[in-house]
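Notes for the one structure printed next.
The values are calculated or read from the model by the stated rules, or taken from the named source; none is laboratory data. The structure presented is a predicted model; accordingly, all values stated were derived computationally and were not measured. When we count neighbours, we look across all protein chains shown, and the Cβ atoms used for this are built from the backbone with ideal geometry, even at glycine.
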């Protein structure tokens, strides 16, 4: 069974490995290997063996945690139990087979490398510990793979309900904030290496199943056989238990999807005489409340903002609190940047009523503002009140981002549309949607850009010591926000009207309608419109952030000859200059990376297409039927 | 839509496809297709899977841009004057999404407003349509996403009928629909035609087309290979036999499989 499934998985991987997926796999694999190397380095850390064991236990717990959260981001595994639901195979056997197949993968290989840290640590303690560490390593790896598969089932079932979607959103937000704040860990590490963990912390960490291997290895050094055999047997027992549990949940979906009820006949008929914009608005407000995917967006934005604002409190800093509202609005725009893609082919109804495109855009903008506007404003007021200052900054950024977000959100949704399964086809697996990293990234950069003018007004007031000018940032934010809402929303409606049938085709077929190609076609011309837009935007932002805003001020700081001109970093207080230069370089380099990723994948696609065409002057390939 | 319907000259075809042509990459999905649906006729478009029925209908109603050719609804060009054309027709595409998180009534109310109907008309028609389609009562508060296939087809037909069109274009209206819902849909369509409306539907169920339609067209490999009154097209044979002959395919299933149920 396992052999068949492993061969099957390898075949699927071979077919999907082309294109962007390969890039991600390679990048992910390299990053993973670097982290694995870090884990092994920990095992050789120069500290008391007990402290190193604690550190390893913490790290292994983080690896296990990562394995459990992975499916929430990575989507469904290659081989799913549902695909074999009708095969006459006992469930436990299927579970074992799928487990075997789950071991084949980049992630498992990387984790195996990381877990050899256990063997390295054992080598410090003696030959007996090394002998014990090998079965411990195998059991530990099996444990995390199993936990991951069970978590995938669990999250999949969870995300079908709205409450579950909210929980998933909070977990996602926590992951994002933690991954951005990795530096805190290093500070903590520095302290721990000298003083060791407190006794309670140590006990709690060692109670986790991911630490039992470490306990056994330690006990082997002391020749304390009870504590060698005990944890290993417990680990093996847990693995068997999880296999059995997995076999049980493999059957048809047991966790039913809670059904959301709509409004009664009387309430459905309300608000009916206020025109098409109101109609779209009411539909959107209802959808935000009823669709688990939207509920997830509703929760993830404020959760991310709050956690980011609260993290600096560890160092008694409230400096981020005034911006919690602005960050909420920014994240809200980022996560809602694929609204049309989420609604799928329902676009045909808009196409069938020409002239309502603007109403569609305005209704969606207003609904978005209804859900995120008051929330952002309240968070801004509360956060700034707690911090006690920075009012002009907070007001300017919140208003500008809300307006800019409302304007750019739908322009991005039309221009960078990512097709996914239609909502009625994936109602039982809402986590299975198109990869929206592209539009999210574009929305993030553009909304930040839209907020710059208002922030520049505040900055100018600060520098010139003109409080009135600083306070003018707020009205400036409202103004740029209104302009963005009005003009960019109008632009989105115009594009929607012009390209409606093409967008619908993209969502029906899952890819853009390809025009005839020849060998002379340049990559830039051949790539889909939205890809071209993404390429130029990120290239432009990359140039701007890397050279004038990053490298030039860097050179000036190093040489000491400072001319401020329009170099943002040099206008800021001394302490902020280096971080801003670093941030600019980071933005610039990631924008360049995005641009080259787009170029490389598209040129590879074009090349493959041309080769295929050259090879296929024979009978035509199977067409892509619409519908 | 608005109470005032665009003026239509008598004798113009309800729907006319003029040389519609569509190429996907190197594959010709629809090859210069011509069709004429007379006013008041019940028109069936049949063809095997992949014959280009959905592509042709999508181009005819304005959901897919044709490479060449035109489509006219009562003489109004669908691509040049979309607003006027779409007031005259109701469309039911196959398998497309709807605003999924609304109830049937909310959906009809939303579409009525979008199409510029006044509140009273919307409310009355929504109630009538939901009652006729058996989507009120127990199903009142069920969201469209939780509808069964038959219910989806029925709410789709309700959205197509809502603004009182004169032509219905239905893509596979009976696909995967249970017999009870199918009977409801058939009765409504027959009433619509009896009242002077025109219907164009696509299907690959021959018996159904024979039962309902007065005019048929057969599509194969993107081309219209036969068009005319039902009796003329099928002649003495059944529509199914004529169809197999026209499409020119070899019917499989006769060889191999000796191990099956032996």
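Per-structure values
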| quantity | calculated |
| --- | --- |
| Members of the stretch A:356-379 found to be under 30 Å from residue B:58 (Cβ atoms) and assigned to a helix (DSSP H, G or I), listed by number | A:357, A:358, A:359, A:360, A:361, A:362, A:363, A:364, A:365, A:367 |
| Single residue of B:70, B:65 found to be facing chain A (nearest Cβ under 10 Å) and modelled with pLDDT of 90 or more | B:65 |
| Test: residue in the stretch A:239-257 that is within 14 Å of another protein chain (Cβ to nearest Cβ) and either without any contact (Cβ under 8 Å) to a residue 40 or more places away in the chain or closer than 30 Å to residue A:149 by Cα (or both) | yes |
| Residues of the stretch B:15-48 classified as farther than 11 Å from residue B:202 by Cα and either outside any strand (DSSP E or B) or over 16 Å from the mean Cα position of the chain (by Cα) (or both), total | 21 |
| Filter result (buried (at least 23 other Cβ atoms within 10 Å of the Cβ) and within 19 Å of residue A:349 (Cβ to Cβ)) within the stretch B:40-70 | B:54, B:57, B:58, B:59, B:60, B:61, B:62, B:63, B:64 |
| Residue in the stretch B:73-84 that is farthest from the other protein chains (Cβ to nearest Cβ), counting only those that are touching a residue at least 24 places away in the same chain (Cβ under 8 Å) and touching a helix residue (DSSP H, G or I) at 6+ places or on another chain (Cβ under 7 Å) | B:74 |
| Test result for residue B:90, surrounded by 22 or more Cβ atoms within 10 Å (Cβ to Cβ) and either touching a residue at least 60 places away in the same chain (Cβ under 8 Å) or part of a strand (DSSP E or B) (or both) | yes |
| Selection within the stretch B:160-181 - more than 25 Å from residue B:75 (Cβ to Cβ) and crowded, with 19+ Cβ neighbours inside 10 Å | B:172, B:173, B:174, B:177, B:181 |
| Check on residue B:106, at pLDDT 90 or above and assigned to a helix (DSSP H, G or I) | yes |
